[in-house]
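Notes for the one structure printed next.
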Amino acid sequence: MSAEQVRMGVMKLIGIRSSGSREELAARVPKAWRELASRLGEIENVVDPGVFYGVVPEADHHKLEGQGSYTYLCCARVRSGRSVPKGMESLIVPAQRYAQVTVRGGTAELTKATIELARFFAQNAVAPNKKAFGLERFDQKRQSVLAPPGRYDYDVLRPLA
């Protein structure tokens with residue numbers, strides 16, 4: 001597993017917000033993914049109905065445990081976000097450079113991905129952009145957002161300053 005630098009253009013997203021402590025998010029986020037998947041047909045102009053984005057304000061990654069509320073948005077990418085279904089919200093993610101790593105395997109791979117991203121930041125003398133959004137990209141061909149935890153195959157993108 002190795003991280004690489006990638007650039008993503010502007011993305012328009014529509015999705016469902018979950019907020020709370022990390023423990024609360026552990027229950028709320030899977031529920032939000034299920035709701036988004038079941039209501040995907042309500043979202044107009046979806047770019048690719050098989051690709052979903054988990055969005056986290058990068059600043060949340062830098063909070064100490066138990067300090068404040070955390071946010072996670074379960075989203076689909078759209079061509080335009082003019083019509084937003086009830087209970088959902090739209091979000092514009094500006095063009096951004098990211099450090100990207102793929103988490104593939106069991107739970108231990110989550111820790112390895114975190115370590116690899118820290119190594120990438122240190123070796124490339126770059127810092128995360130705390131004013132941007134971090135992303136998780138789920139391609140349904142690799143891993144469903146509805147899959148139970150334990151076996152992973154998705155991309156983590158951390159914004160670069």
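Among the residues of region 81-109, those identified as part of a strand (DSSP E or B), touching a Gly at 6+ places or on another chain (Cβ under 9 Å) and open to solvent by 60 Å² or more (accessible area, probe 1.4 Å) are SER90, ILE92. Restricting region 1-33 to residues that are over 24 Å from ALA108 (Cβ atoms), of a type in the set (Lys, Arg) and not in a strand (DSSP E or B), the residue that is least open to solvent (accessible area, probe 1.4 Å) is ARG28. Would region 107-124 turn up any residue that is closer than 22 Å to GLU35 by Cβ, touching a strand residue (DSSP E or B) at 6+ places or on another chain (Cβ under 7 Å) and charged (D, E, K, R)? Looking through region 107-124, none of the residues is closer than 22 Å to GLU35 by Cβ, touching a strand residue (DSSP E or B) at 6+ places or on another chain (Cβ under 7 Å) and charged (D, E, K, R).
Within region 130-151, the set of residues being crowded, with 17+ Cβ neighbours inside 10 Å and either β-branched (Val, Ile, Thr) or touching a helix residue (DSSP H, G or I) at 6+ places or on another chain (Cβ under 6 Å) (or both) comprises ALA132, GLY134, VAL145.
VAL156 satisfies every condition listed in (1) open to solvent by 40 Å² or more (accessible area, probe 1.4 Å); (2) part of a strand (DSSP E or B); (3) of a type in the set (A, V, I, L, M, F, W, C) except (1).
The values are calculated or read from the model by the stated rules, or taken from the named source; none is laboratory data. None of the values given here were measured: they were computed from a predicted structure. Glycine gets a Cβ as well: all are built from the backbone with ideal geometry, and neighbour counts include every protein chain shown. Heavy atoms of the whole protein, side chains included, go into the accessibility calculation; ligands, DNA and RNA do not. Shrake-Rupley method; radii C 1.70, N 1.55, O 1.52, S 1.80 Å.
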